[in-house]
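The values are calculated or read from the model by the stated rules, or taken from the named source; none is laboratory data. For clarity, every value in this text was computed on a predicted model and none was experimentally measured. Note that each Cβ is placed from the backbone with ideal geometry, even for glycine, and that neighbours are counted across all protein chains shown.
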Amino acid sequence: MNMNILAKASAVALGLAAVSPAQAVTFLYYPGDSAPSAGFTVINEFDNTTGISGSNFQINTPPANSTGAPPAYATFGSSSYLSVLTGGSATINFAGATAVEFDWGSIDDYNTLTVLLNGGAEYVITPGGNFSNDANGNQILPSTNGLFQIFADEGETIYGLRLESSKNSFEIDNLAMAPVPEPATWAMMIAGLGLVGGMMRRRAGAARVTFA
């Protein structure tokens, strides 16, 4: 079986298990993967600052320097990316979506991502906090460079993202959006993951059988 499919299945399972009734969004991270995923359409490649407001942010191009590093696995479109610098803030608004994703590069514990929701509500995501992933700023490893997805809970709509960083830098590329799967689709995915897990356990058990 394709290991990338297994990795995504594991990430989906982990994200679903982490959902609590009070959450307004569910977020998933796929180490070493890149946007766009199937069913998602890129709406901003960050070739320029159009549609972005805030302060102390810029559009960068490779190679990495003191103001940022490109997401290591981003492959779509051009090589430019958004970099939010020390004390900076960049807000990206859109018409409304039930799911968004982007390439997140060199994730740091001083990055803060705020999801802007219905009626001015906000959901804050902090690496090393409620996003319990490596956040040491490594510019190459999959653990800190990959695909980040955000799904709005039922009845919620995502109207924008705000990126903030207390040090250099917070880097993303290839912002994309798509509808959230229906609840029945999620149920089918969970059932499929259970079958895959069961098959893998049976195969592992069979591999341990020895004959005298």
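Being over 18 Å from the mean Cα position of the chain (by Cα), modelled with pLDDT under 95 and over 17 Å from Ala176 (Cβ atoms) narrows it down to one residue among Asn118, Asn48; which is it? Please lay out each step first, then the result.
Numbers: Asn48 fails: modelled with pLDDT under 95.
Checking each option against the conditions leaves just Asn118.
Among the residues of segment 189-199, are any at pLDDT 95 or above and among the β-branched types (Val, Ile, Thr)?
No, segment 189-199 contains no residue that is at pLDDT 95 or above and among the β-branched types (Val, Ile, Thr).
Test of understanding: among Ile125, Ile158, Ile172, Ile92, which residue is crowded, with 23+ Cβ neighbours inside 10 Å and within 21 Å of Ser55 (Cα to Cα)?
Numbers: Ile125 fails: crowded, with 23+ Cβ neighbours inside 10 Å; Ile158 fails: within 21 Å of Ser55 (Cα to Cα); Ile92 fails: crowded, with 23+ Cβ neighbours inside 10 Å.
Answer to the check: Ile172.
For Gly68, state whether it is touching a Gly at 6+ places or on another chain (Cβ under 7 Å) and modelled with pLDDT of 95 or more.
Working: touching a Gly at 6+ places or on another chain (Cβ under 7 Å): no; modelled with pLDDT of 95 or more: yes.
Against the criterion (touching a Gly at 6+ places or on another chain (Cβ under 7 Å) and modelled with pLDDT of 95 or more), Gly68 does not qualify.
Go through Gly96, Gly87, Gly77 for me and flag whichever is over 15 Å from the mean Cα position of the chain (by Cα) and either at pLDDT 95 or above or of a type in the set (D, E, K, R) (or both).
Working: Gly96 fails: either at pLDDT 95 or above or of a type in the set (D, E, K, R) (or both); Gly77 fails: either at pLDDT 95 or above or of a type in the set (D, E, K, R) (or both).
Being over 15 Å from the mean Cα position of the chain (by Cα) and either at pLDDT 95 or above or of a type in the set (D, E, K, R) (or both) holds for just one of Gly96, Gly87, Gly77, which is Gly87.
Before we move on, is Leu82 crowded, with 21+ Cβ neighbours inside 10 Å and in contact with a Phe, Trp or Tyr (Cβ under 7 Å, 6 or more places away or on another chain)?
On the way: crowded, with 21+ Cβ neighbours inside 10 Å: yes; in contact with a Phe, Trp or Tyr (Cβ under 7 Å, 6 or more places away or on another chain): yes.
Criteria met by Leu82.
Name, by its number, the condition in (1) surrounded by fewer than 19 Cβ atoms within 10 Å (Cβ to Cβ); (2) among the hydrophobic types (A, V, I, L, M, F, W, C); (3) in a strand (DSSP E or B) that does not hold for Ile150.
If we test Ile150 against (1) surrounded by fewer than 19 Cβ atoms within 10 Å (Cβ to Cβ); (2) among the hydrophobic types (A, V, I, L, M, F, W, C); (3) in a strand (DSSP E or B), just (1) comes out false.
Scan segment 25-39 and report the pairs whose first residue is touching a residue at least 12 places away in the same chain (Cβ under 8 Å) and buried (at least 18 other Cβ atoms within 10 Å of the Cβ) and whose second residue is among the acidic types (Asp, Glu) and not in a loop (DSSP other than H, G, I, E, B), with Cβ atoms within less than 7 Å and a gap of 6+ or a chain change.
Every condition considered, the pairs that remain are Ser34/Asp103; Ala35/Glu101; Ala35/Asp103.
Of the conditions (1) hydrophobic (A, V, I, L, M, F, W, C); (2) at pLDDT below 95; (3) not in a loop (DSSP other than H, G, I, E, B), Val180 fails just one. Which one is it?
(3)
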